[in-house]
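For reference, the structure is listed below as structure tokens.
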Amino acid sequence: MLGIEWDQVTQSDARDFMLWMQLADKPVRVHWRRRGQESKAVPAQRARAGQPRPGTPNPVTGKPTTGTKFSPRTQAHNETVLRTFYNFHLDDRRDNSLLLNPFPLDRRRRARGRVNAHHNPMDKFKPEHTGRYRPTIPKRIPRRIPEEKYTEVFAGLNSHRDRALLAFWVATGARANELLSPRQIDARVGDQVIGVIRKGSEDFQELPATPDAFVWLRLYQEEAWSKGVPRGRNQALWWTLRRPWRPLKYHAARAMFTRAQKVLGSNWTLHDLRHTATFLMLDDPEMPPVYVQHILGHKCLSTLDIYNNPSRDDVISAGLAHHVRQERKRANPQPVQPAPDYNPESLNNLFGGIL
């Protein structure tokens, strides 16, 4: 952007870059069908189509739409990538031109007191230092899709494949990309489990699912095999709906879920399906949280603490129910009951028969 070579960047340049990310607008990507046109035509077309303005809350979900500025999470990701990039070249002794990392760690920016204070000697040390130019990332509250809204989204799907995918996402709690990894042999209908490749560790793990999910899966497979989709134990489980047949990828699955929500005007993501599955499992009093942790593939049980916070829909429902109860009390006031040690006849004589 400034024409500076990567090995000539100073800490002032790094600071200015992070400040620029906070102030600048994101570049507008022009669709391949509109290449050659001006990029300003895209926001104008969105406005004419009646879509909400960037950054405004969605009227159905309450989640803000994608804004025109870089989010704090994107800024922090870029800072981490650049700092790691320069650390890699600093460790490479063959390159002596780079003396300092322009994206250093700031040891004064600590979340709480002394670094590794009250550390448990049985645990590993956690990296509590943060980048000097790294922005603060606000904590996200997981959102669940209400049952009635999920039913409407499910009814708007056009293929058995999409119905099976949504049923498995909500039943297993697997990440969106993890559910696209199974082979046809990994869907074991008799045991009612489906095997996925876990993100990060890349371990193979079988997850329990509902019978309805396997019913939709079987309907999809019979329909796809009759059209010529490759069939075999080691073939991919999910395929595109049109020729040429290709294994389904994450971006195509996300586009499918986005199209299915156009009727509702919502902006839920595929990861919200994972949150929905987690809430359903935690709401079951007979489901131990340690089992939920294993199903979700979390390393620590404390990761489930974020689901202890009430969601937006739960807070609104509880508040409306409170107002209904208060209105009923005002409409039907209950008579005052005296304490059991008092004689009701004496109180009636004393206060004029109010009891």
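The values are calculated or read from the model by the stated rules, or taken from the named source; none is laboratory data. Bear in mind that the values here come from a model prediction, so they are computed numbers and not experimental data. Every residue, glycine as well, gets a Cβ built from its backbone with ideal geometry; the counts of neighbours run over all protein chains shown. Just the protein is used for accessible areas: all its heavy atoms, side chains included, with ligands, DNA and RNA removed. Shrake-Rupley method; radii C 1.70, N 1.55, O 1.52, S 1.80 Å.
So, L280, is that one of a type outside the set (G, A, S), under 16 Å from the mean Cα position of the chain (by Cα) and open to solvent by 40 Å² or more (accessible area, probe 1.4 Å) or not?
Numbers: of a type outside the set (G, A, S): yes; under 16 Å from the mean Cα position of the chain (by Cα): yes; open to solvent by 40 Å² or more (accessible area, probe 1.4 Å): yes.
When the stated conditions are applied, L280 passes them.
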Members of the range 290-302 that are assigned to a helix (DSSP H, G or I) and open to solvent by 70 Å² or more (accessible area, probe 1.4 Å): V290, Y291, H294, L301, S302
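Identify the residue in the range 83-93 that is open to solvent by less than 50 Å² (accessible area, probe 1.4 Å) and at pLDDT 90 or above and, among all such residues, is farthest from I316 (Cα to Cα).
First pass over the range 83-93, keeping only residues open to solvent by less than 50 Å² (accessible area, probe 1.4 Å): 83, 86, 89-90, 92.
Pick out the ones that are also at pLDDT 90 or above and you get 83, 86.
Numbers: R83: 42, Y86: 47 Å.
Top of the filtered list is Y86.
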What about E286, is it outside any helix (DSSP H, G or I), in contact with a strand residue (DSSP E or B) (Cβ under 9 Å, 6 or more places away or on another chain), farther than 28 Å from A155 by Cβ and without any contact (Cβ under 8 Å) to a residue 40 or more places away in the chain? no
Considering residues of the range 303-319 that are within 23 Å of P59 (Cβ to Cβ) and in a helix (DSSP H, G or I) only, the residue least open to solvent (accessible area, probe 1.4 Å): G319
Where in the range 120-231 are there helices (runs of 4 or more DSSP H), lying fully within it, with 3 or more residues that are under 30 Å from V81 (Cα atoms) and under 20 Å from the mean Cα position of the chain (by Cα)? 176-179
Search result, residues across the range 316-350 that are of a type in the set (A, V, I, L, M, F, W, C) and at pLDDT below 85: V336, A339, L347, L350
Being open to solvent by 20 Å² or more (accessible area, probe 1.4 Å) and modelled with pLDDT of 95 or more narrows V193, V229, V263 down to just V193
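Condition first: β-branched (V, I, T), in a helix (DSSP H, G or I) and within 28 Å of K139 (Cα to Cα). Can you find one or more residues in the range 324-340 that meet it?
So in the range 324-340, the residues β-branched (V, I, T) come out as 324, 336.
Okay, now just the ones that are also in a helix (DSSP H, G or I), so 324.
Filter once more, keeping what is within 28 Å of K139 (Cα to Cα): none.
No, every residue in the range 324-340 fails to be β-branched (V, I, T), in a helix (DSSP H, G or I) and within 28 Å of K139 (Cα to Cα).
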Exception for R312 within (1) over 23 Å from P146 (Cα atoms); (2) modelled with pLDDT under 75 falls at (1)
Restricting the search to the range 202-215, which residues are open to solvent by 70 Å² or more (accessible area, probe 1.4 Å) and in contact with a helix residue (DSSP H, G or I) (Cβ under 9 Å, 6 or more places away or on another chain)? F204, E206, D212, V215
Out of everything in the range 47-65 that is in a loop (DSSP other than H, G, I, E, B) and at pLDDT 85 or above, what residue ends up being nearest to I141 (Cα to Cα)? K63
Which numbered condition trips up V153, out of (1) of a type in the set (V, I, T); (2) in contact with a Lys or Arg (Cβ under 9 Å, 6 or more places away or on another chain); (3) closer than 30 Å to R73 by Cβ? (2)
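Let's see how each residue does on (1) open to solvent by 30 Å² or more (accessible area, probe 1.4 Å); (2) closer than 15 Å to V215 by Cβ:
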| site | (1), (2) |
| --- | --- |
| S159 | no, yes |
| R175 | yes, no |
| R188 | yes, yes |
| G200 | yes, no |
